[in-house]
Amino acid sequence: MDTPFPIQILTLFPEFFDSPLKTSLTGKAIDRGHFEVGVSDIRDFATDKHNKCDDLPYGGGAGMVMKPEPLVGALEDAREKLPKAPRILLTPQGEPFDQTIARQLADEPGIILTCGRYEGVDERVRQHWIDRELSIGDYVLTGGEVAAMVVVDAVTRLLPGVLGNQNSVADESFCDDTLEYAQYTRPRSFRGHDVPDVLLSGHHEKIEQWRRENSRRRTEKRRPDLLDE
Ligand code: ADE
């Protein structure tokens with residue numbers, strides 16, 4: 001793969017990614033060659049005749065654990081394709097994914113995203129074949145696929161050329177640790193609710209000032225934790 005930013009996703013459910021990778025900005029950016037996504041079916045790397053990818057946990061207990069052989073096979077194959085890309089595991093035990101990490105990953109030569117399933121993956125895989133673990137939030141999903149798609153979306157929109165207008169990345173929420181200001185479009189009055197006068201004034205300084213103030217107040221009220229940082 002020699003696109004500017006190759007991504008390899010390792011999953012037991014490759015079909016999950018069909019539609020999101022075709023849709024909207026993501027689909028267009030792939031068509032234009034800004035990045036490339038390969039999807040590996042972990043099952044293709046199973047080593048037994050039943051293509052088994054999970055097994056009972058040693059020590060007993062509920063649920064199944066992803067077996068090391070298929071997963072490591074898929075990880076080694078991805079490593080060959082993308083030798084310099086960090087190998088990331090999506091798991092609720094990972095570090096919390098945020099805009100700072102999205103920016104870090106956009107600076108990598110590509111990424112390998114491994115989607116965990118069942119009750120988890122064999123610990124030896126995590127320890128020896130994974131570089132970084134990420135969680136998209138404090139809740140448990142049925143697997144890492146949705147989380148991997150979140151990472152793909154947040155990272156690729158930061159790549160050069162993916163968004164038409166680079167200002168929209170610079171301007172937005174989380175760039176300066178505040179939430180975005182309120183936005184309005186036509187009509188000027190909608191069912192008795194009016195657009196703030198200052199936005200219609202054409203006075204750029206006053207508009208800037210209003211937006212800064214609106215953004216600060218919003219952040220104070222909704223996400224004071226962002227200001228503490
Ligand atoms: N897999 C299951 N839950 C997850 C989460 N919150 N983040 C990342 N991967 C997950």
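Below is a table of values for the structure above.
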| item | result |
| --- | --- |
| Mean Cβ neighbour count within 10 Å, used as a protection proxy, ranking 132-140, 190-198 highest first | 132-140, 190-198 |
| Förster-model FRET efficiency, 35 Å R0, ARG132 and ARG188, C-beta, rounded to 0.05 | 0.15 |
| Charge dipole (debye, nearest 20) of the chain; +1 at Cβ of Lys and Arg, -1 at Cβ of Asp and Glu | 700 |
| Full-stretch length increase - ASP55, LYS206 - with 0.36 nm per residue and alpha-carbon distance subtracted | 48.1 nm |
| Relative counts (whole %) of C-alpha pair distances in segment 95-182, using bins that are 5 Å wide | 3, 12, 21, 22, 18, 12, 7, 5, 1, 0 |
| Segment 67-83-segment 41-56 distance, computed between alpha-carbon centres (Å) | 13 |
| Lysine-lysine proximity count for the chain, Cα under 23 Å, sequence distance 8 or more or distinct chains | 5 |
| Relative contact order of the chain, pairs being alpha-carbon contacts under 8 Å that are 6 or more residues apart, as % | 19 |
| GLN93 versus VAL195: modelled label distance in nm, points set 7 Å from Cα along the beta carbon direction | 5.2 |
| Cα-Cα P(r), segment 51-136, percent of pairs per 5 Å interval | 3, 14, 24, 23, 18, 11, 5, 3, 0 |
| Segment 174-228: Cα Rg divided by the 2.2 N^0.38 Å rule of thumb | 1.28 |
| Shape box of the chain [Cα atoms, principal axes, largest first, Å] | 71, 40, 34 |
| Calculated [θ] (222 nm, deg cm²/dmol) that DSSP helices of n ≥ 4 give over the chain, each run adding -39,500 (n - 2.57) | -10000 deg cm²/dmol |
| Distance histogram in 10 Å bins (all Cα pairs of segment 8-56, percent per bin) | 24, 41, 22, 13, 1 |
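All of the numbers you see were taken from the coordinates with simple rules; none came from a lab. Just so it is clear, the structure is predicted and the values come from calculations on it, not from any experiment. When we count neighbours, we look across all protein chains shown, and the Cβ atoms used for this are built from the backbone with ideal geometry, even at glycine.
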